[in-house]
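The values are calculated or read from the model by the stated rules, or taken from the named source; none is laboratory data. These numbers were taken from a predicted model, which means no experiment stands behind them. Quick reminder, even Gly has a Cβ in these numbers, built from the backbone with ideal geometry, and neighbours come from all protein chains shown. The accessibility values were calculated without ligands, DNA or RNA, using every heavy atom of the protein model including side chains. Shrake-Rupley method; radii C 1.70, N 1.55, O 1.52, S 1.80 Å.
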Amino acid sequence: MRAKIRGFLYRHRGLEGILYVLPFAALWGIFLAWPVGYGIYLSLFEWSPMQGSRFVGLENYIKLFGDARFLNALGNTFKFAAIAVPLILGLGLLFALMLWSWGRTRRGVGFIQAVLFFPYLLTVSTVAITWKWMFDPDFGLVTHAFKALKIAAPVFLTEPAWALPAIAFATAWWLAGYRMVVFQAGLGEIPQELFEVASIDGAVFHQKFLHIILPLLKPALLFSLVLTLISAFRTFGQALMMTEGGPGRSTEVLALYLYRTAFEYFNIGKAAASGVVLLVIMLVLTLIGVKLLGLKSELG
Amino acid sequence: MFGIALLWIIPSLWVAETAFKPNPDIFSIPPKWLPSRLTTAHLGKLFASWPFGRWLLNSLILATLVTASSLIVSTLAAFSFARLQWPGRDALFLVILVFMLLPMEVSVIPLYFMMNSFRLLNTIYGAALPMIALPIGVFLLRQFFLNIPRDLEDAARIDGCSSWGVLTRVIIPNSTPVFAAYGMYIFNYTWNEFFWSLICLRSAQKVTLPVGLRLIQGAFEINYGLITSAAFMASLPSLVVFLILRQRIIRGIALSSGIKG
């Protein structure tokens, strides 16, 4: 029997390759690819539990872009990304550079790296709880710190202008350490000789940074930029748990809008349409990424 | 450097401290840096009023189930993409890659309906299934398999190995670093997954830790002692694993970030 199977597979080698892919392809097709297509399909229907669904074409999209609440969520998402992404990448790069120039052999490097990295392993709920408590307007540590410095502390999470930046800061605390590790790996790949030659030529630190580190770190930086942007556009848990989208709707981001439209108001068509808008944003970002990075070369 | 590290760790330390502070100390102005006495009252209340142990178990089951199945199906597929010839191979790989960065947000609504009709809503399987076949897994493993010298495979083939033999005797034994890196990645991803779990898991007995924390927070808005003790307990497993595997985890990220390897 075994010999028979082997013989059959040998004669149909193409089939064998497909057999190996099958479990993955089936799971991927059913639970990842198909729902995306079905989501786009749903966005063209008006869904109601009583009358069933009715094809409405692009009406959901037209409604969506006339909906102040959706436009507000879209704006908040862009605003959040504009604050959070530079913070995450900037802090990550800063930490990586500091640890790198501070010396890899010094005692305590491993400890500092561990401390800066650790928040990444926390769940988004823990991060949100931590910073909600830090920012508490009466008893939070941040509030106490502002008082100690004799500066009037803004009521971060309940003031519309401050709530989104506060969430972005919490997100940076959460994710910067991960970027630091990625950048450290990139820095480690740069040949030491380059710096020695530069030193002999009399280069100072900012020259080395501009002419050696930045160009050689560019792939890692761009890769991180695209991935961090995408994760910023998908932000959900922090906004839900730190402010519930408030005060007012000043921190209601796109994913939170989608969640509420679908699972609190059961406006399925509209929620699916907002999902497609998010999808289009991702697609554009991904394509820019592919273009910038030449990801095509990865396909060999 | 130590100053920054201190600044970075303060929030976590403060949460841990709040978890064991008696209530008057939590709500005192000026703040009490060191609690007047340590209390386990919040912890006791946590375990008395919420099925916290159950959540821990759910999280563990979910993450283990997803990690194991994902490693298996991704290894098989990556092997086929890297080493076997069949029509349509590169086209399918390209399509999977394009989906790599697409957001789950657009698919949660269809997934919700699907899981509902499969009767998998509010079960651990419903939560697990969409997380198993991640394109990133196949991508990482394939990259690694491509770099294993072809000569090894040829030698094995000459010695009479079938494709299965090549996979189990040549590829898998030489790929421990990438299995470790991807395994840790997906375990952490599943352990912390929030969006889909929140939608799929509805009853307090079924939810995982991240969603459980949300339930507590939704129930008592200002009970900081209780909520910080829950956050502290939920982070403890990650902390312990991190302390043991620190070097491996950090090296794994360097490997899976696409910069090295």
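The figures follow:
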read-out	value
Any chance B:Gly126 is farther than 17 Å from B:Tyr185 by Cα, small (Gly, Ala, Ser) and not in a helix (DSSP H, G or I)	no
Segments classed as helices (runs of 4 or more DSSP H), wholly inside region A:181-266, with at least 1 members that are under 28 Å from A:Phe169 (Cβ atoms), facing chain B (nearest Cβ under 10 Å) and open to solvent by 40 Å² or more (accessible area, probe 1.4 Å)	A:214-233
Neighbours by Cβ (under 9 Å, 6+ apart or cross-chain): first from region B:110-122, surrounded by fewer than 18 Cβ atoms within 10 Å (Cβ to Cβ); second among the basic types (Lys, Arg) and in a loop (DSSP other than H, G, I, E, B)	B:Asn122/B:Arg202; B:Asn122/B:Lys206
Unique match (being in contact (Cβ under 8 Å) with a residue 24 or more places away in the chain, buried (at least 20 other Cβ atoms within 10 Å of the Cβ) and either within 7 Å of another protein chain (Cβ to nearest Cβ) or more than 22 Å from B:Pro210 (Cβ to Cβ) (or both)) among B:Ser80, B:Ser74	B:Ser74
Residues of region B:95-118 satisfying the condition of being in a helix (DSSP H, G or I), touching a Lys or Arg at 6+ places or on another chain (Cβ under 9 Å) and within 7 Å of chain A (Cβ to nearest Cβ)	B:Glu105
Residue among B:Pro24, B:Pro87, B:Pro11 that is outside any helix (DSSP H, G or I), more than 23 Å from B:Val178 (Cα to Cα) and either in contact with a Lys or Arg (Cβ under 6 Å, 6 or more places away or on another chain) or not hydroxyl-bearing (Ser, Thr, Tyr) (or both)	B:Pro87
Region A:152-180 - residue that is at pLDDT 90 or above and of a type in the set (Ser, Thr, Tyr) and, of those, surrounded by the fewest Cβ atoms within 10 Å (Cβ to Cβ)	A:Tyr178
So A:Gly75, is it outside any helix (DSSP H, G or I), within 24 Å of A:Leu279 (Cα to Cα), more than 12 Å from chain B (Cβ to nearest Cβ) and not acidic (Asp, Glu)	no
Qualifying residues in region A:271-287 (those that are open to solvent by 40 Å² or more (accessible area, probe 1.4 Å) and either within 10 Å of chain B (Cβ to nearest Cβ) or touching a Leu at 6+ places or on another chain (Cβ under 9 Å) (or both)) - the one farthest from B:Leu111 (Cα to Cα)	A:Leu287
Test: residue in region A:135-148 that is open to solvent by 50 Å² or more (accessible area, probe 1.4 Å) and touching a Leu at 6+ places or on another chain (Cβ under 7 Å)	no
Hits in region B:131-149 (condition: of a type in the set (Gly, Ala, Ser) and more than 8 Å from every other protein chain (Cβ to nearest Cβ))	B:Gly137
Residue within region B:242-261 that is within 11 Å of chain A (Cβ to nearest Cβ), β-branched (Val, Ile, Thr) and over 24 Å from B:Leu141 (Cβ atoms) present	no
Inter-residue pairs, beta-carbon under 8 Å, first within 25 Å of A:Phe169 (Cβ to Cβ) and in region A:87-116, second charged (D, E, K, R) and open to solvent by 50 Å² or more (accessible area, probe 1.4 Å), 6+ apart	A:Ala114/B:Arg246
Unique residue being in a loop (DSSP other than H, G, I, E, B) and open to solvent by less than 80 Å² (accessible area, probe 1.4 Å) when the list is A:Gly7, A:Gly57	A:Gly57
When residues of region A:1-15 are limited to those that are basic (Lys, Arg) and over 43 Å from the mean Cα position of the chain (by Cα), the one modelled with the highest pLDDT	A:Lys4
Filter result for the condition that a residue is within 8 Å of chain A (Cβ to nearest Cβ) and either of a type in the set (Gly, Ala, Ser) or closer than 21 Å to A:Phe263 by Cβ (or both), over B:Ile199, B:Ile227	B:Ile199
Unique residue being at pLDDT 85 or above, under 21 Å from B:Ala16 (Cα atoms), under 13 Å from the mean Cα position of the chain (by Cα) and more than 8 Å from chain A (Cβ to nearest Cβ) when the list is B:Pro237, B:Pro210	B:Pro237
